[in-house]
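No lab work stands behind these numbers, since they all come straight from the coordinates. Because the structure is a prediction, the values reported are computed rather than measured. Here the Cβ positions follow ideal geometry from the backbone for every residue, glycine too, while neighbour counts run over all protein chains shown.
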Amino acid sequence: MARSPGKTLTLIWITALSMWLTGCGGVQVKSKHNQLQNTLNAYQTTVRWGTLADMYAFLDPELRLEAEIPAHLENLRVTRYEELGSPVIVDDVATVTARISYVHQDRQVERMIQDRQEWRHEPGVGWLRSNPIPDMP
């Protein structure tokens, strides 16, 4: 049985609309993933090449208020920052683990920590670190 031109046109319109809506949702998700990757890259650059105290600027504001920036960070130099796998994203929370190697400049003692980072997406703000920054003894 043949469809009438009106029904076919309606079916095409509904299909196009649903594809457009799906595409918009995909763009939003893709944008959020891109924003996360940009944040992680900025964090890694800050830890690896910047002033270590600046990594506290990535913290959720409540954690930032509670956090005390250790004075000994000025004596540390990061020698390697390596993400161990891709971020795991569930809804608005992402988890990533990084291995950070660093040297105490006054003693030339190298240490390594594994930093399990949790990031939360805040609409209109972006991704913020939602767990404390680990101690670098």
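Each label point was placed 7 Å from the Cα along the Cα-to-Cβ direction; for Ser31 and Thr95 their separation is 2.8 nm.
So if R0 is 22 Å, what FRET efficiency would Ala67 and Val103 give, r being the distance between their Cβ atoms, rounded to the nearest 0.05? For Ala67 and Val103, the calculated efficiency is 0.40. Here the calculated FRET efficiency for Arg111 and Val88, from their Cβ-Cβ distance with R0 = 35 Å, stands at 0.85, rounded to the nearest 0.05. The largest-to-smallest principal axis extents of the Cα set in the stretch 39-137 are 43, 30, 18 Å.
The phi-based Karplus calculation (6.51 cos²θ - 1.76 cosθ + 1.60; θ = phi - 60°) puts the 3J(HN,Hα) values of the stretch 31-36 at 4, 5, 5, 4, 5, 4 Hz, whole numbers, x for Gly and Pro.
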